[in-house]
Amino acid sequence: MNRMRTAIVAGLALFATPASAADVLLQTVDLTDQGWSAEGGEVKLFRVTKMTTGNCKIEAVHYGETGRTTYRFIFSQRLNFAAKREYRYPESIATMKKVEMKLVSEILLNSELGKEMLPMDFDTYKAFFDPAMLAACSSRKQG
């Protein structure tokens, strides 16, 4: 069991979306502690210094038995970009020698479905963070 768990953790770490070196991590919330993700997950708030589409970024990841789901929101005073991506393992992780996930679904803010669901998801994830930190991040002037 420990060997399988080690393989899962190593595989998930390999496929985690890294933040840009220019991003400053402001706050992290463990979604497992919040009761949102039994298999693990977190949501992070970043101040973005080298992006023209927004001053702030929220990245969330939910891990599951069959893969993971990620969210990315870029915003200042309003939501400028949002994406939800679902990745799945092509077979049982217990039988795999190399963990490779496949992107099976992508919803972007500029799609009809994205316009309907992603702003609500954005509001849900924003609620995890300190309002003062969000306000300072989203009102910050870009340099």
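The values are calculated or read from the model by the stated rules, or taken from the named source; none is laboratory data. Worth saying up front: this structure is predicted, and the values here are computed from it rather than measured. Glycine also receives a Cβ, built like all others from the backbone with ideal geometry; neighbour counts cover every protein chain displayed.
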Verdict on Ser37 being of a type in the set (Ser, Thr, Tyr), surrounded by fewer than 17 Cβ atoms within 10 Å (Cβ to Cβ) and modelled with pLDDT under 95: no
Any hit, segment 78-89, residues being modelled with pLDDT under 90 and under 24 Å from Ala127 (Cβ atoms): yes
Members of segment 92-130 found to be crowded, with 16+ Cβ neighbours inside 10 Å and either of a type in the set (Ser, Thr, Tyr) or modelled with pLDDT of 90 or more (or both), listed by number: Ile107, Leu109, Gly114, Leu118, Asp121, Phe122, Tyr125, Lys126, Phe128, Phe129
Any pair with Cβ under 6 angstrom, 6 or more apart, that starts in segment 35-49 at a residue that is closer than 16 Å to Tyr125 by Cα and ends at one that is small (Gly, Ala, Ser): Val43/Ala60; Phe46/Ala19
